[in-house]
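Take a look at the structure below.
The values are calculated or read from the model by the stated rules, or taken from the named source; none is laboratory data. Note that the structure is a prediction, hence the values are computed from the model and not measured. So basically every Cβ, Gly included, is an ideal-geometry build from the backbone, and we count neighbours across all protein chains shown.
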Amino acid sequence: MKSSPQPRRSRRPQRTVSIIGTGSYVPERILTNRDLEQLVETSDEWILTRTGISERRIAAPDEATSDMATKAAIAAMKQAEVEPEEIDLIIVATVTPDMFFPATACWVQKKIGAVRAACFDVSAACSGFLYAMEIAQQFISTHVYNTVLIVGADKLSAIVNWSDRNTCVLFGDGAGAAILRNRGDSHGVIATHMGSDGEFTDILYMPGGGSRCPTTPENVHQNLNTIKMLGKETYKQAVTAMSNAADRALEAAGLKYDDIACVIPHQANMRIIEAIAHRMNLPIEKFYINLEKYGNTSAAAVAIALDEAHRAGRFSIGDYILLVVFGGGLTWASSVIQW
């Protein structure tokens, strides 16, 4: 009896994966708390004391998510000294794609000329950038791809209800990017933890515009294609999920909080960041925070903060950094990286 042929299996050991370049972009238009006082019943003092946000960036009407993502990607490629044709895979994390399909990653591919890349999007709300990072790590560590571009980009101003004072003060637009590749002299991404809890799908979501509730002439006035949020429950779940995720990643890495040179949290609310800092027993000075300038930019938030912290010299080669995020879904993620 003829035996079946045996498939060839790779015996190459898994590779380490490092971030070799970062980039970010925020739109020119600044919307301050004072500006919001003219739109809804709120005040600069109310917003600042409850969120820590002073201003946020708003994309131009003709500026799409892919436009912002492309500018962040080009900045990351320049820093990493990577040419477009070297990129094997593009992953864009977003909840505000240019359109349902094709993927926003395909638009980025077209704009940067990465003709060899495979492309797809990830939808994990504010956790999307770290989800994309872990996916990229799997492809690189197993020798499927060598060079991966990941981008977190969102134009939340397009899905904000500007008459809802509880949500419109929180969000802004922007994009952050990173180039990932094996670098033999570095551990790179050491440990990542991801999680979700679909029981809480209704505390932070956008109900309309999808197959469950298509936008129609009859419901368009209900603003169903805008962000809805239960603030107190979101805060509670965010603190718990981010603290637990950070604990899990550190445990997997065999490290303690004192070993971390810089914590880069999701930039949603200063009270959330202060609460997780307290749980970690770390001084707030160890955290890189820029939410006062940008507000919550969803998947872009931790990516922009990572780029800014990197360029500001907040950590050096060999330092351990912790990234931790939380988003609608519920989703959460954390990653320990040796720079």
Search result, residues across segment 180-194 that are part of a loop (DSSP other than H, G, I, E, B) and touching a residue at least 24 places away in the same chain (Cβ under 8 Å): 182, 183, 184, 186, 187
Given (1) more than 17 Å from the chain's Cα centre (by Cα); (2) within 24 Å of residue 238 (Cβ to Cβ); (3) assigned to a helix (DSSP H, G or I), number of the condition residue 106 does not satisfy: (2)
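Here is a yes/no grid of residues against (1) in the same structural domain as residue 63 (by TED's automatic domain parsing); (2) over 15 Å from the mean Cα position of the chain (by Cα); (3) aromatic (Phe, Trp, Tyr); (4) part of a helix (DSSP H, G or I):
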position	(1), (2), (3), (4)
90	yes, no, no, no
116	yes, yes, no, no
134	yes, no, no, yes
137	yes, yes, no, yes
157	yes, yes, no, yes
163	yes, yes, no, no
Residue in segment 229-244 that is hydrophobic (A, V, I, L, M, F, W, C), over 17 Å from residue 127 (Cα atoms) and surrounded by 21 or more Cβ atoms within 10 Å (Cβ to Cβ) present: no
Single unsatisfied condition, residue 143 versus (1) in contact with a Leu (Cβ under 8 Å, 6 or more places away or on another chain); (2) on the phi > 0 side of the Ramachandran plot: (1)
Pairs where the first residue, in segment 105-122, is more than 14 Å from residue 67 (Cβ to Cβ) and the second is aromatic (Phe, Trp, Tyr), C-beta under 6 Å, 6+ apart: 122/131
Qualifying positions in segment 167-187 - farther than 27 Å from residue 115 by Cα and touching a strand residue (DSSP E or B) at 6+ places or on another chain (Cβ under 7 Å): 167, 170, 171, 172, 173, 186, 187
Residue that is part of a loop (DSSP other than H, G, I, E, B) and among the hydroxyl-bearing types (Ser, Thr, Tyr), where the choices are 49, 42, 70: 42
Residues within segment 195-222 that are surrounded by 10 or more Cβ atoms within 10 Å (Cβ to Cβ), in contact (Cβ under 8 Å) with a residue 40 or more places away in the chain, outside any loop (DSSP other than H, G, I, E, B) and not polar (S, T, N, Q), tallied: 4
Near pairs, Cβ below 6 angstrom, 6+ apart or cross-chain, from segment 22-51 (outside the structural domain of residue 165 (by TED's automatic domain parsing)) to any residue that is surrounded by 14 or more Cβ atoms within 10 Å (Cβ to Cβ): none
Qualifying residue in segment 42-54 (condition: within 19 Å of residue 290 (Cα to Cα), surrounded by 22 or more Cβ atoms within 10 Å (Cβ to Cβ) and in contact with a strand residue (DSSP E or B) (Cβ under 7 Å, 6 or more places away or on another chain)): no
